[in-house]
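First comes the structure, then the notes that go with it.
The values are calculated or read from the model by the stated rules, or taken from the named source; none is laboratory data. No experiment lies behind these values; they were computed from the predicted model shown. Positions of Cβ are backbone-derived with ideal geometry, glycine not excepted, and every protein chain shown enters the neighbour counts.
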Amino acid sequence: MALADEVSVPVERNDRSIVGFTMVGHGLVHTYELSIPILMTIWLLEFSVTTAVLGGAVTVGYALFGAGALPGGLLADRYGSRPLICACLAGMGLSFAALALVPGIASLTAVLACWGIAASVYHPAGLALISNGVHERGLGFAYHGMAGSVGIAAGPLATALLLLAFDWRTVAVVLAVPALVAAAVGWFLRFDEFAAVEAGEREWNPRADAPDDSARGDSSTSPLSERLRRSAGALAGDLRRLFTPAFLTVIVLATFVGLYYRGLLTFLPDVLGDFLEAAVGDPQLFDPESPLADEFDLAQYLYVGLLTVGIAGQYVGGRLSDAIEPDRGLVGVLCLLVVISLAFVPAANAGLLPLLALSAVLGFALFGMQPLEQATIAKYSNPETRGLSFGVVYLALFGVGALGATVVGVALTVSVLAAFVVLAGFASVAAALGLSLRRRVDAGRG
C-alpha cells in the first residue's frame, strides 16, 4: 500500500467510486458463496460421492474463507485494499472457471480451497477501504451490506436458472465472468483510499515502521532472516496498537453477535416451517402429482422474505451510524433483538399474522445491526491497522461465531423456546459489552 495511490478526486466522486467498487465485490463474494450449495446437488451425482465426502470438500473452502480474514487484513494494511480486492475478484473468477476442468473430488477440493483463500481477503480489505476512504462511512456500510444481501439471494437464484439451460461446467464458467471483469475494471478505477482519514492521522505512512533501506540497499537483498525479523517486529507493533482494552471488548462483542447470527440463521428455515405448518397446515398450491409440489416449501419463501426485509434494515442502520454514535445504536439494536428473541415463540404460536410481523422485524433488526457493528469496529481502531482490525473481528465473528450453530442445535433438542432463550442470552451479553464501551467513552477512557 502506498500513498501514491492518493489522487485528486472530488469527494463525492471518490465516495461513489469506492462504494460502487466494494458493492460489486461484496455482492460477488456472497454470490459465489451461496451458489456452491446449489452446485453440490449436481456434484453428488457427477462424482459419485457421499454427502459426507462432498461436505468435507466444501468445508475446506468455507473454512479457508473464514480463516483467511486475519492474514487478509494484514495484507490490506501492508499493500492497500484495491490490489487485495482485485486479487480476490480475479482469484474467485479463476477458481470458478477452473471448476469446469475438475475430473474428481480431489481436484474439486483443491479448487474450492483456492476459492476460499481468494474470497477470504475481501471483508477486511473492503471494510477497511470504506472506513478510510468514504466520508459518509455509515451510508457506505449500508450500501455495502445491501449489495451483500443481494448477492446472498441472487447467487442461488442465478445458478439455478442457468442450470435450467446449461450443464454445470458451462454454468461455472459463466459465473466466473463477472468477477474477472470487475477485477479488471477495479484495477483502473481512480480513488483515494484514505480520503476520509483525519488530517493528523493521515501523516501516517504505511512504511513508517520499516527500516530505511536507502543506506543499506534494497531490502530484497537483505538476508531472509533479517527481513522476517523486521516483518515480525512490524506485526508486533501493529498488534500493540490494535489490542487496546476497548478493542478487545469489541472483539468479544462481535463473537457473541456471531454466535447469535449463525445460531439463528442455521436453523431458522426449519423452525419457520414448523410454525407455518401449525398456523396454516400444509397448503396445496400445486397439483400433488406435479414436481413443483415436492419442491415448493413455504418456509423457504418466508425465509427469503426475511432476508429481503434485511436489505432495508441495512440501509437504515447505515444512516443511523452516521447520525448517532454507532456503538450507542448497536446497543439499542441488540436490546431489540433480546426482546424479539424472547417474544418470537409466543408470537409465532399466536397465529400467522404475528409470525409474519415478528419475522419481518427480526430480519430488519438483524441486518440493520451490521452497519452499526462495522462502524463501531472502525471507531475503536486506527487507520494504520484497520485491515488487521476487521480481519481479527471477522475471524471471531465467523470463526468462533460458527459455534452458535452447535449451541442452538443442542438447545433445539430441548425445545424451540429454549433455543430462542439461548439466542436472547447471546444478544444480552453483546449488549452488556456495548454498554461497557459506552461507559468507557463517557468516563474519558475511550
The stretch 334-347 residues that are under 15 Å from Gly425 (Cβ atoms) and not assigned by TED's automatic domain parsing to the domain that holds Ala431, paired with ones that are part of a helix (DSSP H, G or I) and of a type in the set (Lys, Arg) (beta carbon under 6 Å, 6 or more apart): none
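For the stretch 253-297, enumerate the residues that are assigned to a helix (DSSP H, G or I) and modelled with pLDDT under 70. It would help to see each step written out before you state the result.
Start the filter on the stretch 253-297 by keeping residues that are assigned to a helix (DSSP H, G or I), which leaves 253-280, 291-295.
Scanning the stretch 253-297 gives Pro291, Leu292, Ala293, Asp294, Glu295.
Residue-by-condition table, conditions (1) in contact with a Lys or Arg (Cβ under 9 Å, 6 or more places away or on another chain); (2) more than 24 Å from Val400 (Cα to Cα); (3) buried (at least 17 other Cβ atoms within 10 Å of the Cβ); (4) of a type in the set (Gly, Ala, Ser):
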site	(1), (2), (3), (4)
Ile36	no, no, yes, no
Thr41	no, yes, no, no
Leu45	no, yes, no, no
Ser48	no, yes, no, yes
Thr51	no, yes, no, no
Gly56	no, no, no, yes
Thr59	no, no, no, no
Residue that is at pLDDT below 95, crowded, with 24+ Cβ neighbours inside 10 Å, farther than 18 Å from Leu395 by Cβ and touching a helix residue (DSSP H, G or I) at 6+ places or on another chain (Cβ under 8 Å), where the choices are Ile130, Ile152: Ile130
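Taking the stretch 50-80 as the search range and keeping residues that are of a type in the set (S, T, N, Q) and at pLDDT below 85, which one is farthest from Arg240 (Cα to Cα)?
Selected residue: Thr51.
How about the stretch 240-276: which of its residues are of a type in the set (Ser, Thr, Tyr) and within 20 Å of Asp327 (Cβ to Cβ)?
Result: Thr244, Thr249, Thr255, Tyr260, Tyr261.
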Subset of the stretch 15-45 [more than 22 Å from the chain's Cα centre (by Cα) and at pLDDT 90 or above]: Trp43
Pairs with Cβ under 8 Å, 6+ apart, first in the stretch 309-323 and not assigned by TED's automatic domain parsing to the domain that holds Ala375 and surrounded by fewer than 18 Cβ atoms within 10 Å (Cβ to Cβ), second of a type outside the set (Val, Ile, Thr) and assigned to a helix (DSSP H, G or I): none
Yes/no for Pro83 being surrounded by fewer than 24 Cβ atoms within 10 Å (Cβ to Cβ) and either at pLDDT 95 or above or not in a helix (DSSP H, G or I) (or both): no
Residue count, the stretch 171-182 (criterion: crowded, with 22+ Cβ neighbours inside 10 Å and within 14 Å of Cys88 (Cβ to Cβ)): 2
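If the requirement is being of a type in the set (A, V, I, L, M), in contact with a helix residue (DSSP H, G or I) (Cβ under 8 Å, 6 or more places away or on another chain), touching a residue at least 60 places away in the same chain (Cβ under 8 Å) and more than 18 Å from Ala69 (Cβ to Cβ), which of these qualifies: Ala396, Ala427, Ala418, Ala402?
On the way: Ala396 fails: more than 18 Å from Ala69 (Cβ to Cβ); Ala418 fails: touching a residue at least 60 places away in the same chain (Cβ under 8 Å); Ala402 fails: more than 18 Å from Ala69 (Cβ to Cβ).
Testing whether each residue is of a type in the set (A, V, I, L, M), in contact with a helix residue (DSSP H, G or I) (Cβ under 8 Å, 6 or more places away or on another chain), touching a residue at least 60 places away in the same chain (Cβ under 8 Å) and more than 18 Å from Ala69 (Cβ to Cβ) leaves just Ala427.
For Gly391, state whether it is closer than 13 Å to Tyr260 by Cβ and crowded, with 16+ Cβ neighbours inside 10 Å. Steps first, answer last, please.
Working: closer than 13 Å to Tyr260 by Cβ: no; crowded, with 16+ Cβ neighbours inside 10 Å: yes.
Criteria not met by Gly391.
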Residue identified as surrounded by fewer than 18 Cβ atoms within 10 Å (Cβ to Cβ) and at pLDDT 85 or above among Ala431, Ala418, Ala427, Ala411: Ala418
